[in-house]
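The structure appears below as structure tokens.
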Amino acid sequence: MSESYDVIVIGSGAGGGTLAQAVARAGKRVLLLERGRRFPDVSLPHDERAMLIQKQPYDDRDIDVNGNPTRLYMGGVLGGGTSLYGAALMRPSREDFHPGIHYGDRLEKAIHDWPIDYEDLAPYYERAEQLYHVSGEPSDHYGPLQRPTESYPHSPIPLKPINERLVSGNENAGLKPFVLPLGIDFNICLQCDACPGYICPNGARISAGQVVDAAAQETGSLELKTGIQVERLERSGETVTGVRVTDRESGEQTVLTAKRYVLAAGAIGSPAILLQSGCRHPLIGRNYMMHLSPIVVGLYLKRTGAESTFVKQVGFADHYYGTEDYPHKLGLVQSLPVPGPLMIAKTAPAWLPRAAIDGLRKRMLPLAGIIEDLPNPDNRVTVDEAGRIHLSHRYSEYDFERGQFLTQQMVQILKRGGAAHCLTKSFPSTEHVAHQCGTLRFGTDRDHAVADRNGRLFDHPEVFVADGSLFPTSLGVGPALTIMANALRIADTVIDEL
């Protein structure tokens, strides 16, 4: 047995890293466990082969996805997904916390409302935006999406010319594009064309790893262990007594103990740990969600400049709740960086030569949609007797229908911005698991949820959850900021108890 801590946090991403630093700053003794390591080689940030083909900073496990062993694009270093994400930190709408308004009988009655409201999270959104240095334009029109009552902590950079054209063309058509709020310190940002999916070369894109390091240095009460595989929670009856871990380098096993335990290993990792621990609540691992993200690439007659600079700047919420002709909830549309030549070659026809790929990249501007996929208990995480994680996931016909409609809206957005032609892709490959959530739902009672409104497991009161697996539905924006804000809210509960 090791010495005891106040809190042991499993996972250093948007939820775990954010909660750990808050509890440590309150003077509590915190141990943060991360399966991955610090990314070792800062000379590789712009190496597309190392980053995205060899997947060096990504989780090194093969996850069985619908029967096929797959290395996922899932954060595998200190900071988890926040070390590789696009840092679009958006507040959702108030109605996102009451999904029954828009989905009715498509959702079970128990999750027509989240156990918390937007107002419960509003002060924590403010804190998260400060913590992650969010830059944005508070005067922009965000449609139904919420924004700070006064201003964002920092200001964004001016729009690049191709985005100015995108904005003006759509404003003339009556749309209200806005500058994406981003967790990027533009005072030091290199404005790289390669941003999401890559380790940031100078830390301008703020990660939970940076937040954790700052708290560890400033408080002295946060201890970080990387390269640690959590095997299971040790239990005596229904009481969790410790965490059994393996040092991935030495192979040494240890049992670590604390007064409280926090699961924040993601919507795949957190339920897997509970299942390996013998926890048997019927909803553990079920209702896995991952936004359906149709992609449209605008091709321009002239060079856009997007292949050589930062262009992920613009968002559209005009179709968030659909249109008069199609009154179905859709979600956000946002700009993307141009993919690198190797990633294009990975999905392009084999006959397309490199010179053609390079020429296309100079004339591209991509958009992505965020379709709020609905929970389905058959979409789930399981663990077999050998400890291998299995993920079963299929989108519904309703998801695809809405994705096709939003795709057509994105085509029109790009053409208004000057695109001569558009290429469409319905959704990413099964390797991509961005925006995962839903497998340890929180709610008001055990019959319909795994955890209560404060993230505490109904069956194990010593254990909290602080990642996106708590979410009953997937929101119409990326979940990162809501995970961070909710982690800060749960941290306050843990601090009060301690």
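The values are calculated or read from the model by the stated rules, or taken from the named source; none is laboratory data. Everything numeric here is computed off the predicted structure, so don't read it as measured data. Neighbour counts run over all protein chains shown; Cβ positions are idealised from the backbone, glycine included.
Does residue 165 satisfy being in a helix (DSSP H, G or I), touching a residue at least 24 places away in the same chain (Cβ under 8 Å), among the basic types (Lys, Arg) and outside the structural domain of residue 47 (by TED's automatic domain parsing)? Break it down into steps so the answer makes sense when it comes.
Values: in a helix (DSSP H, G or I): yes; touching a residue at least 24 places away in the same chain (Cβ under 8 Å): yes; among the basic types (Lys, Arg): yes; outside the structural domain of residue 47 (by TED's automatic domain parsing): yes.
Yes.
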- Task: Go through the residues of segment 351-368 one by one and say whether even a single one is surrounded by fewer than 20 Cβ atoms within 10 Å (Cβ to Cβ) and in contact with a strand residue (DSSP E or B) (Cβ under 6 Å, 6 or more places away or on another chain).
- Result: no
- Would you confirm whether any residue within segment 316-335 is surrounded by fewer than 23 Cβ atoms within 10 Å (Cβ to Cβ), in contact with a strand residue (DSSP E or B) (Cβ under 8 Å, 6 or more places away or on another chain) and among the aliphatic types (A, V, I, L, M)? no
- Note on the structure: Pairing a residue in segment 475-494 that is outside the structural domain of residue 211 (by TED's automatic domain parsing) and closer than 10 Å to residue 435 by Cβ with any residue that is polar (S, T, N, Q) and surrounded by 24 or more Cβ atoms within 10 Å (Cβ to Cβ), where Cβ atoms lie under 7 Å and the two sit 6 or more apart in sequence or on different chains, gives none
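Report, by residue number, each residue of segment 390-400 that is in a helix (DSSP H, G or I) and surrounded by 14 or more Cβ atoms within 10 Å (Cβ to Cβ).
If we filter segment 390-400 for residues that are in a helix (DSSP H, G or I), which is where we start, we get 397-400.
Once the filter is applied, which keeps residues that are in a helix (DSSP H, G or I) and surrounded by 14 or more Cβ atoms within 10 Å (Cβ to Cβ), segment 390-400 yields 398, 399, 400.
Just to be sure, is residue 143 in the same structural domain as residue 358 (by TED's automatic domain parsing), surrounded by fewer than 16 Cβ atoms within 10 Å (Cβ to Cβ) and small (Gly, Ala, Ser)? It would help to see each step written out before you state the result.
Values: in the same structural domain as residue 358 (by TED's automatic domain parsing): yes; surrounded by fewer than 16 Cβ atoms within 10 Å (Cβ to Cβ): no; small (Gly, Ala, Ser): yes.
So residue 143 fails the test.
Could you pull out the residue among 317, 272, 258, 264 that is in the same structural domain as residue 147 (by TED's automatic domain parsing), at pLDDT 95 or above and small (Gly, Ala, Ser)?
On inspection, the qualifying residue turns out to be 317.
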- Note on the structure: Out of (1) out of contact with any Asp or Glu (no Cβ under 7 Å at 6 or more places or on another chain); (2) modelled with pLDDT under 95, the one residue 312 does not meet is (2)
- Message: The conditions are (1) out of contact with any strand residue (DSSP E or B) (no Cβ under 8 Å at 6 or more places or on another chain); (2) modelled with pLDDT of 95 or more, and residue 149 fails exactly one of them. Which is it?
- Response: (2)
- What tally of residues in segment 114-159 results from selecting those that are in a loop (DSSP other than H, G, I, E, B), in contact (Cβ under 8 Å) with a residue 60 or more places away in the chain and within 29 Å of residue 323 (Cα to Cα)? 7
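Under 23 Å from residue 84 (Cα atoms), among the aliphatic types (A, V, I, L, M) and assigned by TED's automatic domain parsing to the domain that holds residue 489: is that true of residue 122 in this structure? Write out each step before concluding.
Values: under 23 Å from residue 84 (Cα atoms): no; among the aliphatic types (A, V, I, L, M): yes; assigned by TED's automatic domain parsing to the domain that holds residue 489: yes.
No.
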- Has segment 247-270 got any residue that is on the phi > 0 side of the Ramachandran plot and buried (at least 17 other Cβ atoms within 10 Å of the Cβ)? yes
- Among the strands (runs of 3 or more DSSP E) contained in segment 1-94, which hold 2 or more residues that are surrounded by fewer than 20 Cβ atoms within 10 Å (Cβ to Cβ), under 14 Å from the mean Cα position of the chain (by Cα) and not polar (S, T, N, Q)? none
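Tell me, which residue of segment 453-498 that is among the charged types (D, E, K, R) and over 16 Å from residue 125 (Cβ atoms) is surrounded by the fewest Cβ atoms within 10 Å (Cβ to Cβ)? Spell out how you get there, then give the answer.
From segment 453-498, those among the charged types (D, E, K, R) are 453, 456, 459, 462, 467, 489, 492, 496-497; that's our starting set.
Checking the rest, the ones that are also over 16 Å from residue 125 (Cβ atoms) come to 453, 456, 459, 462, 467, 496-497.
Details: 453: 17, 456: 21, 459: 16, 462: 17, 467: 33, 496: 9, 497: 15.
Restricting to residues being among the charged types (D, E, K, R) and over 16 Å from residue 125 (Cβ atoms), the top hit is 496.
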- Query: So residue 199 clears everything in (1) within 21 Å of the chain's Cα centre (by Cα); (2) in contact (Cβ under 8 Å) with a residue 40 or more places away in the chain; (3) not in a loop (DSSP other than H, G, I, E, B) except one condition, right? Which one?
  - Reply: (3)
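Taking the condition among the polar types (S, T, N, Q) and in contact with a Pro (Cβ under 6 Å, 6 or more places away or on another chain), does residue 155 pass? Explain how you work it out, then say what you get.
Details: among the polar types (S, T, N, Q): yes; in contact with a Pro (Cβ under 6 Å, 6 or more places away or on another chain): no.
The answer is no for residue 155.
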- Message: Against the definition (small (Gly, Ala, Ser), in contact with a Pro (Cβ under 8 Å, 6 or more places away or on another chain) and at negative phi), how does residue 335 come out, yes or no?
- Response: yes
- Note on the structure: The residue from 49, 91 that alone is in the same structural domain as residue 122 (by TED's automatic domain parsing), at pLDDT 95 or above and of a type outside the set (S, T, N, Q) is 91
